[in-house]
Amino acid sequence: MIFLHQEITLSWLTAAFARDGYICGEEILIPVYLALRLEKPLLISGAPGVGKTEIAKVLSRVLDTELIRLQCYEGLDENKALYEWNYQKQLLMIELSRQGCTRGEDQPDLFSEEYLLERPLLKALRHPRRPVLLIDEIDKSDQEFEAFLFEVLSDFQVSIPELGTIKARQVPVVVLTSNGDRELSDGLKRRCLFLYIDYPDVDKETRIIRSKVPEAGEVLARQVAAAVNRIRAGLDLRKKPAIAETIDWARALVLMEARALEPNLVRRTLNLLFKDQEDVETFNRELGVEELCRQVINGG
Ligand SMILES: Nc1ncnc2c1ncn2[C@@H]1O[C@H](COP(=O)(O)OP(=O)(O)OP(=O)(O)O)[C@@H](O)[C@H]1O
Ligand SMILES: [Mg+2]
């Protein structure tokens, strides 16, 4: 089904996110809805693994449109993000034309569409159907790239000297994510709608577990969520367990045929929650398996 975005309502979006298994409330749905309707980029920040990237994926599924992803990294430049000329093809053409092997014109136009390599930004601008453009982990890119991006996101057009100005057929749905590795420029922030996603509370994480690991019963799901919540809140860890780790842990416990948390099981499966030996030591020193289970089971 093709959606005219003018037809999207908040209640439709709420139902679509729920159907797709993305658990959230209005704190997320309203900014997403407004970004769609106002045709503004949505800048999502938050700790690793809280579901930032997933929002772009869900949007592309519920809007039934292509997801175009630009993964940012240090050193990412316009060539990799926007377009490049296909040098090899150009060189081959020059060689062929030198040997008199080209058909038609004797001077092939080496800077025409045929030699253009489209990269994610250009692809999104020229896409026939409003795609979802995910600019993932923008905080990993350099400041110069951010400034360039800001321009693209302001006008939704780019100019390629050899081809002229290319303007978006439809403004893409743009989702930017950031883990907050560095402060983003005011210009970029001003251009975007901002959404901060925090770690979920116990209720929300229980629902996420129920949705992703339906085999986990209500009791186990709630205890897992409460345990992870307790670990995140109370300990000074290098890397707090994210939602993906919670889901993995719940899956592992289900495989171990657990119906509720129990110290021995927790001890054997802790490596699914902690990805750092120092964090395991911190956990054992400051909380420990027995105490965690006691608190979670007694709800204390
Ligand atoms: N609200 C949610 N409902 C359902 N699943 C969720 C939710 N939030 C996160 N998840 C799950 O957690 C996983 C991690 O989410 P995602 O990759 O979007 O995190 P992220 O914030 O982009 O992390 P990073 O900063 O590490 O890239 C996803 O695969 C998704 O299944
Ligand atoms: Mg991500």
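The values are calculated or read from the model by the stated rules, or taken from the named source; none is laboratory data. These numbers were taken from a predicted model, which means no experiment stands behind them. No Cβ is skipped: glycine too gets one built from the backbone with ideal geometry, and neighbour counts run over all protein chains shown. Areas reflect the complete protein model, heavy atoms only, side chains present, ligands, DNA and RNA absent. Shrake-Rupley method; radii C 1.70, N 1.55, O 1.52, S 1.80 Å.
The trypsin sites (Lys or Arg not before Pro) of segment 195-300 that DSSP puts in a loop, and whose beta carbon has at most 16 other beta carbons within 10 Å, are Arg238, Lys239, Arg259, Lys275.
How large, in percent, is the carbon and sulfur part of the accessible surface of segment 214-300 at a probe radius of 1.4 Å? Carbon and sulfur together cover 47 percent of it. Cβ-Cβ distance of Leu96 and Arg129, R₀ of 35 Å, FRET efficiency by 1/(1 + (r/R0)^6): the value works out to about 0.45.
Be a star and scan segment 224-245 for residues whose amide nitrogen sits under 11 Å from the point 7 Å along the Cα-to-Cβ vector of Glu278. Correct set: 237-239. Multiplying the residue separation of Trp12 and Leu287 by 0.36 nm and subtracting their alpha-carbon distance yields 94.6 nm.
Inter-label distance, Gln295 to Asp77: 5.0 nm, where each label sits 7 Å from its Cα along the C-beta direction.
Distance from the Cα centroid of segment 206-249 to that of segment 29-80 is 24 Å (rounded to whole angstrom).
Placing dummy labels 7 Å off each Cα toward the beta-carbon, the span from Lys239 to Leu117 is 3.2 nm.
Mean sequence separation of contacting Cα pairs (under 8 Å, at least six apart), scaled by the length of segment 187-245, corresponds to a relative contact order of 29 percent. Of the trypsin sites (Lys or Arg not before Pro) in segment 3-64, not one is in a loop by DSSP (not H, G, I, E or B) with at most 10 other beta carbons within 10 Å. When the C-alpha to C-alpha distance is required to be over 25 Å, the pairs from Lys123/Lys240; Lys57/Lys140; Lys80/Lys275; Lys40/Lys239; Lys140/Lys275 that qualify are Lys123/Lys240; Lys80/Lys275; Lys40/Lys239. With an 8 Å cut-off on Cα pairs and a minimum separation of 6 or more residues, tell me the relative contact order of the chain in percent. Normalised by residue count, the contact order of the chain is 21 percent.
Computed over segment 202-298, relative contact order equals 32 percent, with contacts defined as Cα pairs under 8 Å that lie 6+ residues apart. Bridges between two residues of the chain, per DSSP, are antiparallel at a rate of about 30%. Placing a pseudo-label 7 Å from each Cα along the Cα-to-Cβ vector at Glu26 and Arg169 gives an inter-label distance of 3.7 nm. How much net charge surrounds Leu255 when only other residues with a Cβ under 12 Å from its Cβ are counted (Lys, Arg +1; Asp, Glu -1)? Once positives and negatives cancel, what remains is -1.
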